[in-house]
Amino acid sequence: MDKNKRKAYLINTACIISLYLVFFILIQTKVMNKYFIGIAILTCIMIIMAMSLNIVAGFLGEMALGHAGFMAIGAYSSAYFSIALINTGIALPNIVVLILAMIVGGIVTGLVGFLIGTPTLRLRGDYLGIVTIGFSEIIRIFFINFAPTGGAAGLKGITKLVNFNNIYWITIIIIILIFTFGRSKQGRAIISIREDEIASEAAGIPTTRYKVLAFTISSFFAGMGGALYAHYQAFVEPSKFTFMFSIEMFVIVVLGGLGSLTGSIIAAIVLTVLPEMLRGFAEYRLLVYSLALVVMMIFRPQGMLGRSEFSLTKFIDSFFLRKDMKNSIGGGEAQ
Amino acid sequence: MTVLSAKNITMQFGGLTAVDQFNLELDANELVGLIGPNGAGKTTIFNMLTGVYVPTSGDIILNNESILKKSPHDIVKLGASRTFQNIRLFKDLTALENVKIAYHNYINYNMIQGMFRTRKFWTEEKKAHEECVKLLDIFDMGEYAETLAKNLPYGQQRKLEIARALASEPKVLMLDEPAAGMNPAETAELMETIHFIRNKFDITVLLIEHDMKLVMGICERILVVDYGKTIAEGTPDEILKNPEVIRAYLGN
């Protein structure tokens, strides 16, 4: 690890902690009421969902429109698990139950993703998009008709385990894991498939295996997002996980920039907070929201950040650089 | 010692026989050219040798192992890598990343180690970084390491593709028209590069080329194909005088 990397780590850690402290103070001083905390928690969940979708849509470059289905599997399986675990009467701290439930949700969803991905990833582009829509609908219809998880009425009796404190840190950890995944040799291999599949195969990358891996990892994290959702709402119903919800996540990823994880984070924040902020406009709310999307796509079709990542260190550096430049220009004039 | 051999390989697309009973023997450290008029089946031969197509009949043996049922990435692992006629770089990645991707099979850490960035991750990544920078330096491309592949000049893109093919440490390197679209000065430089890598990495080079100056200049042995059949084989001088070759190129 060289000096620059260490500096970058330090800056980012400091930023994460100070952001947490800001929220902590806001919540303690009651500036942020329950409503705002709710939005913040939902934003965290949407960040996880968008980032996990970005692994397939951005890194792998494939159209996956069935993320709501994966989220549903994660939500149901983790909720089912946590209810059973709490019913056994073993006294565990809430956070342990939550983490176990998330892991169960993630693994179950990852497995389903693996099973769906293996046959479907032979398809490309629009075709894959349509197949994933199909699977997501199958999952939704399955839960509507599946009695053990409450059917259409939904699954009740989930203990609410998520609060802002734990979801903030969980989100940070997941963000870091997806980041490091993207920059490992596996992530590079997946990105090379997006760039040119034939060349990637010719460079010795087992493309089929890495496509399935990307799909599995993506659904794993989507399952974790679903688990958090279930344990925040304390109630899951199938009608939440519709096609439109998948589209909403896809819009976030496209708006942030396909392949840009920081873009996904920013877009998830904007697109979750914006509709809430617009509640004052009542019936014009969706109009403004859609208009924002249209304008965005006309002027920045590659998304907010394109494929590049926002780097805090670079941002700070450029800030100082600009100052230096101004100084030198100023100095030049003085002479 | 024979590194790569093709025995009577035939490729049929429906009723069309693109390659008919083609034979090839490549010895270690040889530099062989494969020429022929347009549509003679040269690229089809390449695609069979690299596993993109499976021959209709015949057998291909690389390092004493049949590669007929192997996928392209397995063949790369066995020691044969290639470049493409129309450059296929990972355009939105840097030159260094392009090379690192091909170095993939020599980086040893698993996904969990990569995600949690264990010590193994750092040492392996450092090793990969050094090796890939070294490779770029051999091609005098060190200064372009952080440049996006799409922003490189054309000649450098060609070179980068060769560097990428070499990153998987092959025993046989197959170049599909490496000089396509190059000016005479660039072609001359490329000839030197090919000669140099053959000696430096101690590999066998098989190249398809239309630029006769390049082929005649560096190849020790030339195979001429026409309509999917080998019509001549020999040293450059022999090929130049061969009436069959003249007829294939110029007609009767």
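Every number in this text was worked out from the coordinates using simple rules, so none of it is lab data. Everything numeric here is computed off the predicted structure, so don't read it as measured data. Glycine also receives a Cβ, built like all others from the backbone with ideal geometry; neighbour counts cover every protein chain displayed.
Which peptide among B:226-234, B:196-204 comes first, and what is the full order, when sorted by highest mean count of other Cβ atoms within 10 Å?
Packing order, densest peptide first, comes out as B:226-234, B:196-204.
Only bridges whose two residues both fall in the range B:2-250 count here: according to DSSP, what percent of them are antiparallel, nearest 5?
55
Taking amide H positions as placed 1.01 Å from N in the peptide plane, with prolines and chain starts having none, which residues 5 or more places from B:Lys229, or on another chain, fall under 5 Å of its amide H?
Under 5 Å from the amide H of B:Lys229: B:Asp20.
Nearest 10 degrees is fine. How inclined is helix A:243-256 to the longest principal axis of chain A, computing both from alpha carbons?
So the inclination is approximately 10 degrees.
Which whole number gives the average, over all residues in B:91-102, of C-beta atoms from other chains lying within 10 Å of the residue C-beta?
Mean inter-chain Cβ contacts per residue within 10 Å come to 4.
Show me the ranking of peptides A:93-103, A:296-306 by mean Cβ neighbours inside 10 Å, starting with the highest.
Packing order, densest peptide first, comes out as A:93-103, A:296-306.
Using the alpha-carbon centroid of each, what span in Å lies between the range B:201-252 and the range A:193-218?
Going from one Cα centre to the other spans 36 Å.
Within 10 Å, count the other beta carbons around each residue, average over each peptide in A:266-277, B:15-26, B:112-123, and list them highest first.
A:266-277, B:15-26, B:112-123
What does the average come to when, for each residue of peptide A:191-197, you count the partner chain Cβ atoms lying within 10 Å of its Cβ?
Mean shielding by partner chains, rounded to a whole number: 5.
Could you work out the local net charge near B:Glu244, counting Lys and Arg as +1, Asp and Glu as -1, over the other residues with Cβ closer than 12 Å to its Cβ?
After counting each charged neighbour, the total is 0.
Please give the charge dipole size of the range B:2-250, origin at the Cα centre, charges +1 on K and R Cβ atoms and -1 on D and E Cβ atoms. Round to the nearest 20 debye.
Charge dipole of the range B:2-250: 780 debye, to the nearest 20.
Using a 10 Å cut-off on Cβ to Cβ distances, tally the other chain neighbours for every residue of B:61-74 and report the average as a whole number.
Average per residue, whole number: 2.
Against the longest alpha carbon principal axis of chain A, how many degrees, from 0 to 90 and to the nearest 10, is the axis of helix A:67-87 turned?
Computed tilt is about 60 degrees.
Which whole-Hz couplings ³J(HN,Hα) result when phi for each residue of the range A:10-17 is put into the Karplus expression 6.51 cos²θ - 1.76 cosθ + 1.60, θ = phi - 60°, listed in order with x for Gly and Pro?
Each residue's phi maps through the Karplus curve to give 4, 4, 5, 4, 4, 5, 4, 5 Hz.
Looking at the protein assembly as shown, what % of its DSSP beta bridges pair antiparallel, to the nearest 5?
Once the DSSP bridges in the protein assembly as shown are tallied, antiparallel ones form about 60 percent.
Can you give the Rg to Rh ratio of the range B:1-48, both from alpha-carbon atoms, with Rh computed by the Kirkwood formula?
Over the Cα atoms of the range B:1-48, Rg/Rh equals 1.00.
Give me the three principal axis extents of the range A:12-249 from the C-alpha atoms, as integers in angstrom, largest value leading.
Answer, in whole Å and largest first: 57, 48, 33 Å.
So, in the range A:12-249, how many Lys pairs have Cα atoms under 22 Å apart, if the pair is 8 or more places apart or on different chains?
Count of close lysine pairs: 7.
Please report, in debye to the nearest 20, how large the charge dipole of the protein assembly as shown is about its Cα centre when each Lys and Arg carries +1 at its beta carbon and each Asp and Glu carries -1 there.
Roughly 2440 debye, rounded to the nearest 20.
Restricting to DSSP H runs of at least four residues, report the calculated mean residue ellipticity at 222 nm for the protein assembly as shown, -39500 (n - 2.57) per run over all residues, nearest 500 deg cm²/dmol.
The helix-only estimate for the protein assembly as shown comes to -19500 deg cm²/dmol at 222 nm.
Given labels modelled 7 Å from the Cα in the Cβ direction, how far is it in nm from B:Asp27 to A:Cys15?
The answer from the label model is 6.1 nm.
Ordered by residue, what ³J(HN,Hα) values in Hz, to whole numbers, does the range A:23-30 give under the Karplus form 6.51 cos²θ - 1.76 cosθ + 1.60, where θ = phi - 60° and Gly and Pro are x?
Per residue, the Karplus-derived 3J(HN,Hα) values read 4, 4, 5, 4, 6, 4, 7, 6 Hz.
Return the sequence-ordered ³J(HN,Hα) values of the range B:149-155 in whole Hz as given by the Karplus equation 6.51 cos²θ - 1.76 cosθ + 1.60 applied to θ = phi - 60°, using x for Gly and Pro.
4, 5, 8, 7, x, 4, x
Is the range A:1-136 rounded, prolate or oblate when judged by the Cα gyration tensor, a ≥ b ≥ c being the square roots of its eigenvalues, rounded requiring a/c under 1.5 and prolate requiring a/b larger than b/c?
oblate
Using a 7 Å offset from Cα along Cα-Cβ at A:Phe281, what residues in the range A:292-307 end up with backbone N under 11 Å from the label point?
A:292-293
Alpha carbon centre of the range A:219-284 versus the range B:49-64: separation in Å?
Between the Cα centre of the range A:219-284 and that of the range B:49-64, the gap is 49 Å.
Quick check on my link table: of B:Lys77/B:Lys200; B:Lys91/B:Lys159; B:Lys126/B:Lys159; B:Lys77/B:Lys159; A:Lys5/B:Lys159; A:Lys3/B:Lys134, which ones sit more than 26 Å apart, alpha carbon to alpha carbon?
Beyond 26 Å between Cα atoms: A:Lys5/B:Lys159.
Taking amide H positions as placed 1.01 Å from N in the peptide plane, with prolines and chain starts having none, which residues 5 or more places from A:Phe310, or on another chain, fall under 5 Å of its amide H?
Counting only residues 5 or more places away or on other chains, the set is A:Thr262, A:Gly263.
What residues qualify as long-range amide H neighbours of B:Arg82, i.e. H under 5 Å apart, gap of 5 or more or another chain, H built at 1.01 Å from N?
B:Met174
Would you mind pulling out the separation of the Cα centroids of the range A:33-86 and the range A:116-186, in Å?
Cα centroid of the range A:33-86 versus Cα centroid of the range A:116-186: 6 Å apart.
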